[in-house]
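This report refers to the structure that appears directly beneath it.
The values are calculated or read from the model by the stated rules, or taken from the named source; none is laboratory data. Please read all numbers here as calculations on a predicted model, not as lab measurements. Glycine gets a Cβ as well: all are built from the backbone with ideal geometry, and neighbour counts include every protein chain shown. For the accessible areas, the whole protein counts, side chains as well, though only heavy atoms, and no ligand, DNA or RNA atoms are used. Shrake-Rupley method; radii C 1.70, N 1.55, O 1.52, S 1.80 Å.
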Amino acid sequence: MSRRLGAIGLAYAVLGAASGPAHAIEPPVFVDEAAAAGIEHAYEGGWEFFVGGGVAVFDCSGDGFPDLYLAGGSNPAGLYRNAGTLGGPLAFEAVADSPTALTDVLGAYPLDIDGDGITDLATLRLGENIVFRGLGDCGFAPANEAWGIDGGQAWTTAFTAIWEADQTLPTLVFGNYVDRDAPGAPWGTCHDHALIRPDGPEGYGPPRRLGPGHCTLSMLFSDWDRDGVPDLRASNDRQYYRGGHEQLWRLQPGVSPRAYGPADGWRQLKIWGMGIASHDLTNDGFPEYFLTSMTDNHLQVLAGTQVGGFGFRGRAELRPAYDDVAFQLDVTLHRPHSGGDAMPSTGWHAEFADVNNDGFTDLFVAKGNVEGMVDFAARDPNNLVLGQADGSFVEAAPAAGLVTYHRARGAAVADLNLDGLPDIVVVNRRVPAELWRNTGSGADQPMGSWVAVRLAQPGGNAHGVGAWIEVRSGAHMWRREVTVGGGHAGGQDGWLHFGVGTAERVEIRAQWPDGTWGPWVRTFANQHVLIRRDEETPLVWYPPPTAQR
């Protein structure tokens, strides 16, 4: 282990040795198939669209394969149906005449709002945000009026959602950026946010102002202390706020949110906050948070947690104090790794995933100059850093074939052809989107083993948002929280991918949003598995439907 990892790196190494595989493996090979796959899309527009450019990944057709919705800015947003086959080249078809083909879309997040088993779509816009109800077969209908959702007229750049206790519908938060109507805009004129809570089982009440807003570019409901009540994180752009900082709100059912402050242990952090990624990297049962920014990025680990702890209810209350371990773990990513530009980097979307299935979590970060900022790198390629056994990360984008110099914005890491190898889609400003197929070690050869998991439960929160999934093989353990939000202007609803190294069999269980643990269920690796709550047979084999295509 490198000396520069220090004490915190040692804790990571101890955890990794106790609960993870022993050795990381080489990066996979990626091939850009956007043009061949039928994706022709670019994110365009003036200064209001310097930010945004997200992508939503979800199954709108009902065939098990992930479909895509790409923000277009001043261009119409694009809905693309997955037309590929298992393990084959990526292929998509544009959905013609969709009502989702709106202009002024900065991003979108998929979630099943009404619990009917069909994913809906919340779009973030310059102007009125529009929520679409999914109708099946990639059909959609505007649902603001039917559900009583006030879409506002703000500049919306972030979104997150959670099901509060005893609610059939989720609580929605639309995070806003600069208040364009305020005197002196844009400097120091950040807009408050819209908190929209259910008003009964079928619709919503009027939005409540949530503030002060500090020009948010990413929001995430996450149960940081595992007390069963997710709280609200906001990552904010210091380019425009005055007196602002990163924020965390305590959310109790039926009560107005309360901002954590120094008395609670919250440490003020001022960054050009653009994206949030969460994952339990240290395997202590608590999520870590990667925050993208201009100049350098931050990896926050909860201070005071004990090695091997699991955060079960009933333990002493934790404080939301975080240590930044990005430097110790070689993941500040503050300069371009290729291209010869020595100016500081600009990070946007970040996402954790195990792209080579070796059991160590990797990280993808989309990068690109805001527009023409001379104090920041103009040639700023995206990062793909691979997790190592000692907790550190190693840059692998050049070896993986991922180096380009576009101005990236939103992105997603998702298994688009269901072969167990996560692919990458990137939305770029003013140039076509990229669609990178993961070919494993080359020629579509597999790497490590994997398992993909989805949850299903009766009632409104059909996909178990707020649950935790655990996968284990022997002494090895992997955990993920089911969330809606984070990233930069886009997210996913669908299969949650776990790389499990050399494991041939795994056990899976869920801690459901109400805190109830399901039983451990056994399965072979390299499978898609749907876990249903409260059924005599909670494990349902869910093989990819490719054979029917």
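Which part of region 485-506 falls in the paramagnetic zone of Arg180, meaning amide N under 19 Å from the point 7 Å along Cα-to-beta-carbon?
489
List the GluC sites (Glu not before Pro) in region 23-111 that DSSP assigns to loop (not H, G, I, E or B) and whose Cβ has at most 14 other Cβ atoms within 10 Å. Which are they?
The qualifying sites are Glu40.
Tell me, in nm to one decimal, what length is gained between Ala94 and Ala141 on full extension, where the rule is 0.36 nm per residue of separation less the Cα-Cα distance?
15.2 nm
Using label points projected 7 Å from each Cα along Cα→Cβ, tell me how many nm separate Thr502 and Trp187, to one decimal.
6.1
Is the shape of region 160-261 rounded, prolate or oblate, going by the alpha carbon gyration tensor and its root eigenvalues a ≥ b ≥ c, with a/c under 1.5 for rounded and a/b larger than b/c for prolate?
oblate
Need one number: nm distance between label points at Asp514 and Leu86, each 7 Å from Cα along Cα→Cβ, rounded to one decimal.
Here the answer is 3.6 nm between the modelled labels.
Leaving out ligands, DNA and RNA, what percent of the accessible area of the chain is carbon and sulfur, probe 1.4 Å?
That fraction is 52 percent.
With each pseudo-label sitting 7 Å past Cα toward Cβ, what's the Trp47-Arg208 distance in nm, one decimal?
3.5
How large is the charge dipole for the chain, taken about the Cα centre, if only the Cβ atoms of Lys, Arg (+1) and Asp, Glu (-1) carry charge, to the nearest 20 debye?
My answer is approximately 1100 debye.
Out of region 178-237, which chymotrypsin sites (Phe, Trp or Tyr not before Pro) are coil in DSSP terms and have no more than 12 other C-beta atoms within 10 Å?
Sites meeting the loop and neighbour criteria: Trp187.
What share of the DSSP beta bridges in the chain is antiparallel, in percent to the nearest 5?
Antiparallel bridges: around 90 percent, rounded to the nearest 5.
Can you compute the charge dipole magnitude of region 312-456 about its Cα centre, using +1 on each Lys and Arg Cβ and -1 on each Asp and Glu Cβ, nothing else charged? Give it in debye, rounded to the nearest 20.
Dipole about the Cα centre, nearest 20: 460 debye.
How big is the C-alpha Rg of the chain next to the rule-of-thumb value 2.2 N^0.38 Å, as a ratio?
0.88
Figure the gain on full extension for Asp116 and Val255 (residue separation times 0.36 nm, minus the Cα-Cα span) and round it to one decimal in nm.
47.3 nm
Take the alpha carbon gyration tensor of region 190-231, find the square roots of its eigenvalues, order them as a ≥ b ≥ c, and report rounded if a/c is under 1.5; if not, report prolate when a/b exceeds b/c, else oblate.
oblate
Can you pull out the GluC sites (Glu not before Pro) in region 332-430 whose DSSP state is coil and whose Cβ has at most 14 other Cβ atoms within 10 Å?
Glu371
Given a 1.4 Å probe, how much area per residue of the chain is accessible, in Å²?
Accessible surface, normalised per residue, equals 36 Å².
Rounded to the nearest Å, what's the spacing between the alpha carbon centres of region 438-508 and region 183-205? Just the number, please.
That distance is 32 Å.
Would region 386-488 count as rounded, prolate or oblate if I go by the C-alpha gyration tensor, calling it rounded below 1.5 in a/c and otherwise prolate when a/b exceeds b/c, oblate otherwise?
Because a/c hits 1.5 or more and a/b fails to exceed b/c, region 386-488 counts as oblate.
Residue separation times 0.36 nm, minus the C-alpha to C-alpha distance between Phe524 and Met373: what's the value?
49.3 nm
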